[in-house]
Amino acid sequence: MDILSVLGVLIGFAAIIGGNLMGGGEIGALVNFHAFVIVVGGTLGATLLQFPPKVFLRSMRILAWIFMPQNLQLKKQIDKIVRWSTLARKEGLLGLETVIDSEKDTFAKKGLQLLVDGNEPEVIRDCLEVELTTKEHLDNQAARVFEAMGGYAPTIGIIGAVIGLIHVMQNLAKPELLGSGIATAFVATIYGVGLANLLFIPIANKLKSLIFEVSQAREMVIEGISSIAEGENPRNIELKLSGFLIEK
């Protein structure tokens, strides 16, 4: 669980609601179903129009990474690659066949299979980098879904505000209806700007950061397996891959 993501959402909304209460406002003043439908429905509709189904569905799947990011464990992955290298030096590349069946990471498993099949290091690297680039592109496209939502929401909020003001102008002779129209106008703007800056844009940026980390982990696997194919010393491989670790 990513505690910072949870705290970020809670603190962001608590600041808005708390500030409203401290200023003498009421929570009910920020609740408007009409404004919610306009902003959320309009934003969702525009986003669905922009992206193909495959990308949109992918964005919904990786949304969970915000609160439950992938546990990459780079240090353990390096230790595993070093063990593969040691085994390959002792028993040859065919000795890694037993490792393939037990490997859970499909990306590393593909690399090991290419290695055991006796492919050249350049071939292994090219094959894995094609898959890496494709997955990274798809994930970044998925992150752009939330970036697009962050762009559309404020504008849809303005549309909601204009709709509310139109209702106000149409009911100038009915004072009892003016309040709801004005409320829709202002609350729609709050919803649009608030959702964009408290949720959609932060989610998009965090997903991009997490996608980069996943890509770096896969780059490390590519480098490690290619080094084994080149017959490098396990100790040298460990030193090389340690460069992927970020010391704090």
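The values are calculated or read from the model by the stated rules, or taken from the named source; none is laboratory data. Since we're looking at a predicted model, the values are computed, not measured. FYI the Cβ positions are ideal-geometry reconstructions off the backbone, even for glycines, and counts take in every protein chain you see. Keep in mind that these areas ignore ligands, DNA and RNA; they rest on the heavy atoms of the full protein, side chains included. Shrake-Rupley method; radii C 1.70, N 1.55, O 1.52, S 1.80 Å.
For region 32-241, the dipole from Cβ point charges (+1 on Lys and Arg, -1 on Asp and Glu) about the Cα centre works out to 680 debye, to the nearest 20. Scalar couplings 3J(HN,Hα) for region 232-239, obtained by applying the Karplus form with A = 6.51, B = -1.76, C = 1.60 to θ = phi - 60°, are 5, 5, x, 5, 5, 5, 4, 5 Hz; x denotes Gly and Pro.
Shown is the FRET efficiency for residue 239 and residue 60, computed with R0 = 35 Å from the Cβ-Cβ distance and rounded to the nearest 0.05: 0.30. Among 65, 84, the sequence by solvent-accessible area, most first, with a 1.4 Å probe is 65, 84. In the chain, the alpha-carbon atoms span a convex hull of 135 Å³ per residue.
For residue 2, the amide hydrogen comes within under 5 Å of the amide hydrogens of 68, counting only partners 5 or more places away or on other chains and with H modelled in the peptide plane. In region 71-188, taking the dipole from charged Cβ atoms about the Cα centre, the farthest positive-side position among 182, 124, 157 is held by 182. The listed residues 190, 100 rank as 190, 100 when sorted by accessible area, largest first, using a 1.4 Å probe. Applying a DSSP loop filter and a limit of 10 other Cβ atoms within 10 Å to the GluC sites (Glu not before Pro) in region 23-117 leaves 26. In order along region 53-66, the Karplus-derived 3J(HN,Hα) couplings, from 6.51 cos²θ - 1.76 cosθ + 1.60 at θ = phi - 60°, round to x, 4, 6, 5, 5, 5, 5, 5, 6, 7, 4, 4, 4, 4 Hz, and Gly and Pro are given as x.
Karplus-derived 3J(HN,Hα) values for region 126-135, using 6.51 cos²θ - 1.76 cosθ + 1.60 with θ = phi - 60°, are 5, 4, 6, 5, 4, 5, 4, 4, 5, 5 Hz; glycine and proline are entered as x. Distance between the modelled labels on residue 129 and residue 72, one decimal in nanometres: 1.9 nm (7 Å Cα→Cβ projection). Of the residues 152, 191, the one with the largest accessible area comes first in the ranking 152, 191, computed with a 1.4 Å probe on protein heavy atoms. Once all protein chains are placed together, residue 117 keeps about 100 Å² accessible to a 1.4 angstrom probe. Among the trypsin sites (Lys or Arg not before Pro) in region 51-145, those placed in a DSSP loop whose Cβ has at most 14 other Cβ atoms within 10 Å are 104.
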